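Input: a single structure, listed below in structure tokens.
The values are calculated or read from the model by the stated rules, or taken from the named source; none is laboratory data. Remember, predicted model here, so these are calculated numbers, not experimental data. Neighbour counts run over all protein chains shown; Cβ positions are idealised from the backbone, glycine included. Accessible surface is based on the protein model in full, side chains and every heavy atom, while ligands, DNA and RNA are left aside. Shrake-Rupley method; radii C 1.70, N 1.55, O 1.52, S 1.80 Å.
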Amino acid sequence: MCIHQLNLLAASNNIPITNFLGKQHPIEAHHLSSICDIMEKAMVNGDTCIIRCILVVFQVVFKFFFSPQTERNRDIVRRSGLLLWQLLMAPRDQICAEIQKEVCLAISSGLNILYPGEVEINNLLKLVLTEGERNSGLAQLRDVILTNLAEQLQNNRFGSEDDEHYRLNDELLHYILKIVVRESCVLITKCQTVSKEDFQRLLSTVPAASSCLRYLMAVQNHLLSNTILIKPDENDDSDSSLQGETLKVQELKTSILSLATQILTGCDEVLEMLQQVTTALINSDISDREQRLKGLEQITKATMLGHLLPVLLTSLMHPNLQTLTMADALMPQLVQLVLYTSQTALLLKTQSPVFSELTSSPTGASEQKGKLLPDERMLEEKEEPGFLTGLKIPAPWAAGKTVETVHPVRDNYKFKETVHIPGARCLYLRFDNRCSSQYDYDKLVIYAGPNTNSRKVAEYGGNTLGYGSRSVLGTGWPKDLVKVEGDTVTFSFEMRSGREHNTPDKAMWGFACTVRAQESSEDVSGGLPFLVDLALGLSVLACSMLRILYNGPEITKDEETCQELLRSKLL
């Protein structure tokens, strides 16, 4: 365990021991050969303690002390690799889980030593990705390798020379995506098939992401970050630099388009399964049907629909990715996803009591409906409730902005703040009932505009608690809403008096005020159900892509130059 702790400490780049280990001389071949001899003897004798120790030694040696430069060293590496594979592929009844885990960590630590070429690493990854479902050892090795690659890619999110090493080729990404789709479908299917106890246990484990899903998330975030967040160097305006930046951006956009196409295709398959499971649960007569339908949304967030799709949708709305090529390639898949998400969201929504009350009609209403005129009846038949019916779209601006001083205010305290809500015809101010100041000239002045030169609306100060001035300005701090015309209001507060020794904090509380563009906050919503939110996001992106397709290609510089000629009557 001491060696294991040394290995864990050495994994951190910020600890001095890492620099110390990195400066040590490489281990000689005969030492590694001796380690292999000990391992072979321990395997023959079935000594699990020695085997675990040697596996941890392998991890440290591969990380810091070995370089397979000579032919003899390469032979020892091959021998080490065979021993590790012999342990990894051993039957489960002959090897414990702890040893299997250490084997996977050893292979992952020495990945570039055991498999020095890109072709060899790709072949290994292809093996663990395709055969992992049939062998627990390969599955665990797959998870360890992909988790390490995901962490490395995340640490190098904004570009480095090692990017190509951490980003796997398209064929391997396709295998990983197939595993993620299969995992997502299995997870959703469990909502219908597992027992009540197992379902509750399942809910307690989500939304944790699998190693394959974590790697896809890292690749997606890496590509999107480099396309959206990185800006070109403004100091370097040379032609070669601009050309290099353009080529890099084009390569990134091509990679994003390829990955987005695969992710949307996978989401299409997962949504189809989600719709089937939702329909089956609605039509079933199991005792905990309502609980399963509620839990289905939480389970869905643990799939690629929750971990990959929302980030992708948000990023595709960025101007850098709002291109005709993207729109042309992704539009068919987006339309299909909009249909699946909206239909499934509506299915789940019809099971909620609120929606049922809105859509179900009592006997009297049905009789009245029978008396409708033919034209009205035709219109009534055509109307169908959408997935947004009865839901309030979240309006963050409706919650308002709170403006307040420190509590209590101190001597010589000054406060000034301007609130601007674009598009508002008027603003409504609601004051806290604890508002107070020591004297009435320690006052708050409100202006209808961006500064104190704007029109004065009102001023408030003082307290009715029997301290200081024992009076208030005018009618005192407002109990009702204060209406201010326009979309901007400025608050200016100044504490002019010094605090007296007998004045308590409550008489010098200051003020707090909430500014809204509406008279009440009834329209404020805490959020939408996940599938409804997903359907709405997909709809917005699809409309944006449709607009790009409708507008067509951007006008080129040559076309701009020839505008006068194109408008000529000669043509």
Residue in region 121-144 that is among the acidic types (D, E), part of a helix (DSSP H, G or I) and open to solvent by less than 20 Å² (accessible area, probe 1.4 Å) present: no
Any hit, region 60-73, residues being at pLDDT below 85 and among the hydroxyl-bearing types (S, T, Y): yes
Candidate set from region 87-100 (those that are in a helix (DSSP H, G or I) and surrounded by 14 or more Cβ atoms within 10 Å (Cβ to Cβ)); member that is farthest from the chain's Cα centre (by Cα): L87
Residues of region 331-345 satisfying the condition of being open to solvent by 10 Å² or more (accessible area, probe 1.4 Å), in contact (Cβ under 8 Å) with a residue 40 or more places away in the chain and over 20 Å from L177 (Cβ atoms): M331, V335, V338, S342, Q343
Selected residue (criterion: farthest from D75 (Cα to Cα)) from residues of region 101-117 that are out of contact with any helix residue (DSSP H, G or I) (no Cβ under 6 Å at 6 or more places or on another chain) and assigned to a helix (DSSP H, G or I): K101
Residue check, N112 surrounded by fewer than 16 Cβ atoms within 10 Å (Cβ to Cβ) and at pLDDT below 85: yes
In region 403-442, residue surrounded by the most Cβ atoms within 10 Å (Cβ to Cβ) [restricted to those that are hydrophobic (A, V, I, L, M, F, W, C) and in a strand (DSSP E or B)]: L427
Residue satisfying all of: in region 285-307; of a type in the set (V, I, T) and either out of contact with any Phe, Trp or Tyr (no Cβ under 8 Å at 6 or more places or on another chain) or not assigned by the TED database to the domain that holds V206 (or both); surrounded by the most Cβ atoms within 10 Å (Cβ to Cβ) among these: T303
Elements of type helices (runs of 4 or more DSSP H) in region 167-235, at least 3 residues being assigned by the TED database to the domain that holds S255, open to solvent by 70 Å² or more (accessible area, probe 1.4 Å) and not small (G, A, S): 170-193, 196-203
Any chance N123 is closer than 30 Å to N226 by Cα and not assigned by the TED database to the domain that holds L168: yes
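If we only count helices (runs of 4 or more DSSP H) wholly inside region 252-330, which ones have 2 or more residues that are free of Cβ contacts under 8 Å to residues at least 40 places away in the same chain and closer than 20 Å to A345 by Cβ?
Helices (runs of 4 or more DSSP H) meeting the threshold: 289-301.
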